[in-house]
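FYI, it's all coordinate maths here, none of it is from the lab. Computed from a prediction, not measured in an experiment: that's the story for all the values here.
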Amino acid sequence: GGAEISQSHANLIVNTGKSKAADVLKLIEFIEKKVYAGFGYKLEREILLIGEWSN
């Protein structure tokens with residue numbers, strides 16, 4: 001839904017206009033799984049999720 005990895009810096013996620021916080025979280029989780037599966041590294045988030053989140 002509208003969240004994508006920035007073309008200028010792979011450590012940034014861009015809202016293309018229609019994404020919601022849940023879309024961004026799904027993208028973060030997708031990236032984490034891909035990096036772990038491909039390289040064996042567990043990424044450490046540098047963000048704080050505020051509010052109620054359920055997956």
TODO: Note down the relative contact order for the chain as a percent, whole number, built from C-alpha pairs under 8 angstrom at least six residues apart.
DONE: 23 percent
TODO: Mind pulling the per residue volume of the convex hull built on the Cα atoms of the chain? Å³ is fine.
DONE: 100 Å³
